[in-house]
Every structure is written in structure tokens, then in C-alpha cells.
């Protein structure tokens with residue numbers, strides 16, 4: 001790239017500027033900027049992990065009773081007489097809400113992706129794509145607000161249950177939040193299936209649904225699995241909406257109408273008021289390490305699945 | 001390169017704007033802590049601008065624990081708290097070379113809120129402990145002899161606060177005793193206002209928060225110390241004369257004996273003018289005020 005960039009919109013005024021030199025400097029600077037942009041993600045992710053680990057890992061390994069942490073539902077971190085740090089109810093809360101969200105989001109978003117990629121045409125398709133992306137742009141606190149003030153009374157009245165802040169409420173909201181991401185990625189996966197496959201199937205007399213079901217979906221399977229896994233990761237890590245819509249109650253759920261509490265919401269609600277360096281503080285960081293590992297594994301799996309697809313293709 | 005002069009111009013403006021702020025001799029006090037006190041603290045800070053225009057008070061909430069840890073870490077001038085310093089916090093403060101000094105700036109009645117359809121008028125401390133306490137047995141409203149149309153399932157929906165809130169700690173101490181624990185499974189809201197909002201929309205619910213957060217959409221129970229004693233409604237009067245059983249002092253802490261601007265500010269808060277503002281916000285003053 002030795003050619004000087006053309007300054008068509010901004011020509012040098014008369015004087016004989018050393019254009020080559022200027023372009024060379026610009027080139028160097030841009031190279032460095034782009035390089036920094038490229039590696040910044042790695043620097044940040046390592047930095048974050050080192051920070052979380054330095055605050056919680058030593059404590060988690062040496063002092064924390066991991067048996068209590070994973071198997072006790074008693075979360076009483078601020079008790080003065082007998083603090084207990086059982087995260088079982090929090091883990092169950094996060095898992096149940098994320099699981100319910102996936103029950104809602106997977107059929108909807110895969111359906112939407114198939115419709116947008118295979119059936120919708122022209123204007124319908126463009127409008128749908130924009131709307132799906134718009135859905136992803138709604139801030140999570142707004143979703144939480146909807147859960148707290150609209151869905152709560154609605155669920156109480158519809159299902160005749162005592163409280164509407166529960167797995168159903170948070171799961172619905174989280175499902176709607178995860179759906180746009182899953183739809184977009186799944187649609188990309190379906191678009192990546194070569195048109196030749198569809199044409200071959202149609203030439204053999206397959207109906208459109210047969211083309212989708214027998215040809216496109218199997219060919220795009222890996223991308224679809226990755227889409228679902230990224231949606232699960234989103235559901236696991238979401239904080240504000242679940243803080244507001246779950247009821248934030250330390251409780252092992254037995255039905256979708258039970259209030260629960262999520263790991264993320266617990267950290268968000270308690271970390272700000274916890275003295276730095278106390279046991280409670282370190283346990284919250286341990287929760288953070290646990291969440292980080294789980295979402296890391298989910299994303300890694302999604303990534304490996306996509307890579308598998310590339311290798312096969 | 002036509003864009004460069006514009007860019008430089010913007011930079012110069014920015015620099016001028018910053019310089020203007022730093023150039024004057026305004027003093028900024030940092031004031032942080034209790035969400036219960038945050039509205040009053042803001043009102044004080046606003047009004048104090050008229051008394052002393054050279055002093056700005058930056059008020060932030062976050063909870064009593066947040067304010068106290070900020071005081072221990074030396075990042076605030078005044079910490080607001082709706083509970084007293086814990087022994088452990090006092091130790092930490094001393095270890096950091098901070099000697100917290102306590103000022104009572106008002107009183108707050110902790111109201112027990114119910115849905116308007118709930119027929120309960122009075123509750124005793126023992127009944128509250130039965131509902132909220134670890135060893136309490138009241139899971140359904142019929143344990144209190146209550147059965148009402150709005151709450152068909154009959155389940156008591158306990159609404160509480162996040163476990164670092166001063167309100168949470170004070171309610172625990174006052175109702176469940178120093179060694180008592182809450183029954184897990186309450187809905188732990190992240191602010192007094194959220195408690196009131198949730199109770200207003202949930203017929204089976206019971207919740208507690210500062211009296212100042214009461215709205216017309218919820219009803220308050222009169223509280224009796226024991227089964228035989230007279231129930232008292234929460235109010236500014238019953239909080240200041242001590243007849244309401246769950247009223248607490250609202251506190252401000254400084255690091256060491258306050259001097260200069262901090263002292264002037266605290267003196268003004270405790271003056272009749274400052275105390276009238278706390279009454280306006282629904283809390284009780286530290287002493288009877290002349291009108």
C-alpha cells in the first residue's frame with residue numbers, strides 16, 4: 001500500500017506537500033490503531049479474568065466451603081451470628097429462568113429466522129429484519145420495568161397466583177431479549193447455505209417446506225446450534241431484567257410460578273454495599289468466577305460448533 | 001485539512017469550560033449513603049445553596065452500607081445511614097485511622113404496608129416476627145385469622161429489602177431481635193419505593209419501608225408492641241414522641257470531629273430551618289420545632 005491516498009475532497013492548497021510522507025504516517029498510525037483495536041478484546045478479557053480471579057479465586061479455593069456453596073440453599077451473607085454462603089438456590093434460579101427463556105425463545109427465533117431467510121421476500125423481509133434488530137436495542141432495564149409493572153399484575157390476574165414476579169415472568173422477558181440475537185445469527189446461518197442446495201432440491205420436485213426441512217436446516221445445523229448457545233449465554237448473563245422480574249427471592253423453585261433469584265442479580269444487588277475485602281465480597285466474586293466460567297464454556301462450545309461447520313463445508 | 005481548526009476550536013471550548021469550573025473557590029462536599037435519607041439529603045443540599053452559595057454538596061444514595069464503607073475508605077465527607085455503625089465497621093474504620101462521629105439528624109417510622117384489600121388493621125411485633133422470622137410459622141394469612149377476597153391462594157407474600165440495606169438491618173433488629181434471622185424466600189426489593197410499588201400491585205403482599213415512601217395505593221398497619229398494648233399508627237408525631245414501636249434514628253457520620261464547611265453544614269441541618277425540611281419530606285425532626 002505505497003500509493004498515496006487520493007485527497008479528492010481535500011486537495012493540498014498550492015504548496016508542494018510531501019504527500020507520500022504524510023500518507024506513510026497516516027498509514028502507520030492507522031495500522032497501530034487497528035492493531036490495538038484487534039488485540040484490545042484479548043487484553044480486556046484477560047484483564048477482567050485476572051481481576052475477578054485475584055479477588056475471589058484464592059478465597060474460593062482455600063477458605064470457602066465449596067460443599068456448602070454448591071449444595072446449600074441458605075444464602076445469608078450478612079448474618080452477624082452465622083453467615084452462610086449457599087448458592088444452590090441462586091444457581092437453580094438462574095438455570096430455571098434461562099431454561100424457561102430458551103423454551104420460549106428457541107421455537108420463536110428459529111421460526112422467525114426460517115421465515116425471514118426462506119419464505120419472506122422483498123419489503124416484508126426488510127421490515128422484519130429491522131424490527132428484529134430494534135427488539136435487540138431495547139435496554140434491559142426497560143424490559144425489567146415491563147416485567148415489574150405490566151406483567152406482574154397480568155400474571156396475577158390471568159393465572160390466579162399470589163405474585164407475578166416469578167420464573168414465568170422473567171423467562172418470558174428473557175426469552176424476548178434473547179430471541180433477536182438468536183434470530184439474527186440463525187438467519188445468517190441459513191443464508192450461508194449455498195443456493196445450489198435449494199435449487200437442486202427444487203429441481204427434484206421438493207416443496208418449499210421439504211427444501212427447508214430436509215436440506216437447508218440439516219446443512220445449517222451447526223450455525224443454528226451456535227445461535228441457540230449464544231442465546232443461552234445471553235440469558236445466563238442478563239442482570240437488570242431478571243433482578244426486577246424474578247422477585248429476587250432465595251428459594252428453590254418447584255413451579256414456574258415461584259419467585260427465584262439469579263446469580264447475576266445477587267451480585268448486582270449486593271456488591272455495591274459490601275465492604276471491600278470482606279468474606280461476603282469475596283463470595284460475590286466467587287459467584288462471578290462461576291458465572292464467567294459457565295458463560296465462557298457456553299460461548300466456547302458455540303464457537304467450536306461453528307468452526308466444525310467451517311471445516312466440514 | 002479544513003477539519004482541524006474546527007476540532008481545535010472544540011478542544012479550546014472544552015478546556016475553557018473545565019477551567020471555569022476549577023478556577024472558582026467553590027467547596028464541594030461529598031455526601032453518600034442511605035437510600036432512606038437520600039431525598040432529604042438532596043433537599044438539604046439544594047436549600048443550602050441559598051445559605052452558602054460557595055458550598056456545593058454532592059449527594060448520592062446506594063444504601064447505608066455504601067456510605068459507611070465510603071467513609072471508612074475516606075472518599076466522602078459525610079455518610080448518611082439509617083442504622084448505627086456495626087462493631088465490625090467501627091473496627092475497620094479505626095484500622096483505617098478514621099474516628100466516626102455520629103449525628104442524629106431525624107427520626108423515621110418504619111411503616112408496615114399492606115394491599116388496600118387486606119382487612120388487617122393492626123399487627124403486633126410478635127405477629128410480624130411470625131411472618132418474617134426464620135422460626136415464624138405464619139405462611140398463610142389464615143394463620144392470622146384473615147381470609148380475604150383479593151388474595152385467593154391465601155399465601156403471605158413477604159416483601160423485604162436487599163440484605164445490605166439499613167432498613168433491612170433495622171427491621172431485623174427491631175422485630176426479630178439482635179440474633180434473629182429472616183426466613184429465606186422473601187422478595188428482596190432494591191429500594192423502598194420498589195417495596196411500596198410491589199405491595200400496591202400484589203393483594204397477598206406485606207412489606208416494610210420508611211413512612212415517607214407511603215402512597216395512597218397501599219395501606220399501613222398500626223403496630224402494637226405486644227398483644228395487649230395499644231396499636232399506634234406510624235406518623236411523624238408518633239415517631240418523634242417514641243410511641244411508635246419501630247421508629248429509628250436517621251444518622252449522619254463524619255470522619256472525626258467535623259470542622260469548617262462540614263461543621264457549618266451539619267449545624268444548619270440541625271437548625272430549625274434544616275429540620276423543617278426533614279418534616280416536609282415525611283420524617284420526624286430531632287426536637288419539637290417552633291412554627
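Every number in this text was worked out from the coordinates using simple rules, so none of it is lab data. Note that the structure is predicted; figures quoted are calculated from it, not measured. As a convention, Cβ positions derive from the backbone with ideal geometry for all residues, glycine included, and neighbour counts pool all protein chains shown.
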Pick out which of B:176, B:144, B:250 has the largest mean-square fluctuation in a Gaussian network model of chain B, springs linking Cα atoms closer than 10 Å. B:144
Ranked on Cβ counts within 10 Å of their own Cβ, fewest leading, B:233, A:204, B:189 go A:204, B:233, B:189
Connecting every pair of Cα atoms under 10 Å apart in chain B and solving the GNM, the largest mean-square fluctuation among B:274, B:150, B:133 falls on B:150
Among A:86, A:56, A:47, whose mean-square fluctuation peaks in a Gaussian network model of chain A (Cα, cutoff 10 Å)? A:47
Relative to the compact globular guide of 2.2 N^0.38 Å, what is the alpha carbon radius of gyration of segment B:67-142, as a ratio? 1.65
On a 0 to 90° scale, report how tilted helix B:260-270 is relative to the longest principal axis of chain B, with both axes built from alpha carbons and the result rounded to the nearest 10. 30 degrees
Once the Cα gyration tensor of the protein assembly as shown is diagonalised, semi-axes √(5λ) in Å: 50, 37, 23
How far is helix B:192-201 tilted, in degrees, relative to the longest principal axis of the Cα atoms in chain B, given as a value from 0 to 90 rounded to the nearest 10? 40 degrees
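Using just the helices of chain B, give the 222 nm mean residue ellipticity in deg cm²/dmol: DSSP H runs with n ≥ 4 each add -39,500 (n - 2.57), and the total is spread over all residues, rounded to 500. Before the final figure, lay out each step's value.
Details: 10 runs with 105 residues, N = 291.
Dividing the helical sum by the residues of chain B leaves -11000 deg cm²/dmol.
Tell me the mean residue ellipticity at 222 nm calculated for chain A from its helices only (DSSP H runs of n ≥ 4, each -39500 (n - 2.57), averaged over every residue, nearest 500).
Helix contribution divided over all residues of chain A: -22000 deg cm²/dmol.
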Which of B:124, B:66 has the fewest Cβ neighbours within 10 Å, and the rest in rising order: B:124, B:66
Taking Cα atoms only, helix A:88-114 is inclined relative to the longest principal axis of chain A by an angle, in degrees rounded to 10, of 30 degrees
Note on segment A:89-312: alpha-carbon gyration tensor, axes a ≥ b ≥ c; rule is a/c under 1.5 for rounded, else prolate if a/b larger than b/c, else oblate; result prolate
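Take every residue in peptide A:150-160, count the Cβ atoms of other chains within 10 Å of its Cβ, and give the average of those counts.
Numbers: counts 0, 0, 4, 4, 0, 0, 8, 0, 0, 0, 2.
Mean shielding by partner chains, rounded to a whole number: 2.
Explain nothing, just the number: relative contact order of chain A, from Cα pairs under 8 Å at least 6 residues apart, as a whole percent.
Numbers: 395 pairs, mean separation 71.5, N = 313.
That works out to 23 percent.
Could you please rank A:160, A:188, placing first whichever residue has the fewest other Cβ atoms within 10 Å of its Cβ? Working shown, then result.
Details: A:160 10, A:188 15.
Exposure proxy ranking, most exposed first: A:160, A:188.
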